[in-house]
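Below you'll find the structure, written out as structure tokens, and then a few comments.
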Amino acid sequence: MKESYQLQFGDNMVDKRISEDSLPGFKRSAQEFMGKAQSVSEKLMLCFARGLGFPDDHFIRAHDVSHPVAQSVLTAPVQDSYYRAGGTHADWDLLTLLFQRPGPSGLEICPGREVVTSFDMGDTWTKIDFAPGDIVCNIGDLLMSWSDDRFKSTFHRVKAPTDPETDYYGPRYSIAFFNQPCTDCAIQGPLKKYPMVTGEEFTRKAMERNFAALKAKKEQLAAASAVVRATSTDGLQAGPVAVEATA
Ligand SMILES: O=C(O)CCC(=O)C(=O)O
Ligand SMILES: [Fe+2]
């Protein structure tokens with residue numbers, strides 16, 4: 001089971017906040033946390049902008065604080081599934097900051113992944129262990145596109161525990177801070193490899209692509225399990241025939 005609570009800056013949260021009565025102090029500490037996550041993001045945005053030859057505030061202006069979404073994700077282990085949080089994916093935003101306490105494992109990344117492999121077949125995964133105070137920063141598809149593919153988005157997954165010796169089986173809490181672009185910003189890399197799109201167009205297309213990929217993956221899994229069912233049914237039918245033959 002996976003449960004998540006989403007927080008945003010500004011008016012988007014009016015009427016959606018957990019009330020002060022039910023969780024005293026939560027609003028204040030959540031806002032403080034988001035402000036800090038935003039300022040870490042802006043420092044990174046400045047570095048990436050400089051690296052690409054853009055003005056220092058190029059990405060910062062395109063990520064007005066009324067747009068980013070911080071998503072707090074609570075996941076409990078699904079022991080019979082290879083995937084836990086949402087399967088293999090790259091985020092579609094500019095940068096994602098990941099926060100979690102040391103201990104609960106699961107996050108794995110695939111650095112330098114060759115895009116030629118289909119989804120995660122044959123990929124090599126690296127486990128990420130968090131030390132106290134660590135923040136993991138994943139590059140998203142938006143930065144990949146905005147850098148003319150110079151910075152590759154990070155494929156990652158949260159894997160279900162399979163090894164009692166090394167894996168964590170308890171409830172898993174993590175916070176992802178997604179830096180999503182303003183709807184009206186103009187997105188194009190310095191080399192103009194891709195046509196210019198607005199933040200709204202980029203996000204809409206990324207969502208469409210992700211949902212199509214998810215649908216294709218589900219269909220592929222359904223087809224694979226149909227083959228397994230058919231094979232095991234064949235096996236059952238072969239049993240009595242063999243018994244009859246030997247009887
Ligand atoms: O829970 C995590 O560590 C990662 C979550 C994630 O990849 C996502 O929400 O996009
Ligand atoms: Fe992610």
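Bridging of Lys2 to aspartates and glutamates at a Cα separation below 16 Å is possible for Asp80, once same-chain residues fewer than 8 apart are set aside.
Counting beta carbons within 10 Å around each of Ser41, Ser22, Ser225 and listing the fewest first gives the order Ser22, Ser225, Ser41. Within segment 144-171, which residues have the backbone N less than 16 Å from the label spot 7 Å out from Ala224 along Cα→beta-carbon, could you tell me? Of the residues in segment 144-171, 157-160 have backbone N under 16 Å from the label point off Ala224. Taking 25 Å as R0, compute the FRET efficiency from the Cβ-Cβ separation of Arg209 and Glu20 and round it to 0.05. For Arg209 and Glu20, the calculated efficiency is 0.05.
Placing R0 at 30 angstrom, the Cβ-Cβ distance between Ala131 and Cys182 gives a FRET efficiency of 0.30 after rounding to 0.05. Working from label points 7 Å from Cα in the Cα-to-Cβ sense, the Lys192 to Tyr5 distance is 4.8 nm. Of the residues Met34, Met45, the one with the fewest other Cβ atoms within 10 Å heads the list, and the complete ranking is Met34, Met45.
Between their Cα atoms, which of Lys43/Lys215; Lys27/Lys193; Lys43/Lys192 are more than 31 Å away from each other? Flagged as over cut-off: Lys43/Lys215; Lys27/Lys193.
Quick note: the coordinates plus some simple rules give every number you see, no bench work behind them. Just so it is clear, the structure is predicted and the values come from calculations on it, not from any experiment. Reconstructed Cβ throughout: ideal geometry from the backbone, glycine too, with neighbour counts over all protein chains shown.
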